[in-house]
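None of the figures in this text is laboratory data; all of them are computed from the coordinates on show. It should be emphasised that the depicted structure is a prediction, and the values quoted were computed from it without experimental measurement. Counting neighbours? That spans all protein chains shown, and the Cβs are built from the backbone with ideal geometry, glycine included.
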Amino acid sequence: MLGLITCSGSNITKEEAKKLGIYLVPLQINVDGQFYRDQEEISLKKIYNIIKEGKYPKTAAVLIEDLIKVVKKMKHDLIDEAIVLPLCRAFSSTIETMCLALKELDIKPYPIDCYVTSLPQKMFVLQAKKLIDEGFNAPTIVKKINEAIKSTDTLIVADDLNYLKQGGRITPAAAKLGSIMGIKPVLRLHYSLEGKIDTFAKVRTKSKAIKYMVDYLLENYSLEDHYFLICHSDDVKAKKEIENYVKKFNKDARIISDQFASVIVCHTGLGCVGVGMLKIVTEVD
């Protein structure tokens, strides 16, 4: 039987995972040297509060004991093949660790590097699970999702560049210049970059950067066969403004919004906004 395993970088909750039959493993978050299981021992709201205190939480890979527990549950459920769809290789070695654990219990892994994380990752996971439920085999699902990945694009702008600096996403000089001059780097995630974050453009002010990102996606991708994704870290105002802007462009646009996963907020800080176009493989709620 075919199953699907992912990580909490997808921002899929334990409740959602249980309802959908998705096997979920928590990543870890390090606050002042204390490690917490994402979602289980620390919440997104708590991460927001920690950042508001001026702290810089870090992230860590899944605990082997947690992974083995989930894989044993898969074996108990008679899973003998598994789609493996955690956050991208460029961010973490989780995909390799999951594959090794599955092989140890004679479950054949079918890994997919989504080259993204958070909401785009979640949408690939949900679509892959629906394909499983529709009876598609693992190689076909891998092919369909990989094709969609190539036609998916994500752009991000952060409010506080110091968090990107801490994670090595931008240089200290760029962070300092941005803070002084109000220049916001627009970052891109795309399969051609193999999961690495690239500086796509530099725009003065966050509001102009958001408009630039949305306009770029609307001009270069079709809403007929793509979901329009909006992700943010505690910036509901920006989310609503983007939704209204896209709806004016196309009232039938399929817009899906969510907050960034906790492990991503640790690297972006508060006020980060991401938008994306994600190729539709199959319709999901």
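Observations on the structure shown:
- Note on the chain: GNM, Cα springs under 10 Å; of Leu100, Leu85, Leu155, the largest mean-square fluctuation is that of Leu100.
- For the range 38-105, alpha-carbon Rg relative to the globular expectation (2.2 N^0.38 Å, N residues): 1.39
- Backbone phi angles across the range 86-94, fed through the Karplus curve with coefficients 6.51, -1.76 and 1.60 (θ = phi - 60°), yield HN-Hα couplings of x, 4, 5, 4, 5, 9, 7, 8, 4 Hz in residue order; Gly and Pro are listed as x.
- Taking the number of Cβ atoms within 10 Å of each Cβ as an exposure proxy, the fewest-first ranking of Ile256, Ile132 is Ile256, Ile132.
- Taking other C-beta atoms within 10 Å as the exposure proxy, Ser262, Ser92 rank Ser92, Ser262 from fewest upward.
- Per principal axis, descending, Cα span of the chain in whole Å: 57, 47, 30
- Comparing Glu53, Glu96, Glu40 in a Gaussian network model of the chain where C-alpha atoms under 10 Å apart are linked, the largest mean-square fluctuation is found at Glu53.
- For the range 153-279, the Kirkwood hydrodynamic radius from C-alpha pairs, put into Stokes-Einstein at 4 °C and a viscosity of 1.567 mPa s, yields a diffusion coefficient of 88 µm² per second.
- Rounded to the nearest 500, the 222 nm mean residue ellipticity of the chain from helices alone is -13000 deg cm²/dmol, with -39,500 (n - 2.57) taken per DSSP H run of at least 4 residues.
- Amide H contacts of Leu27: Ser8, Gly9, Asp38, each under 5 Å away and 5 or more positions distant or on a separate chain (H built 1.01 Å from N in the peptide plane; Pro and chain starts excluded).
- Footprinting exposure proxy for Met181, Met213 (fewest neighbouring C-beta atoms within 10 Å first): Met181, Met213
- Largest first, the three principal axis extents of the alpha carbons in the range 2-150 are 48, 32, 28 Å in whole numbers.
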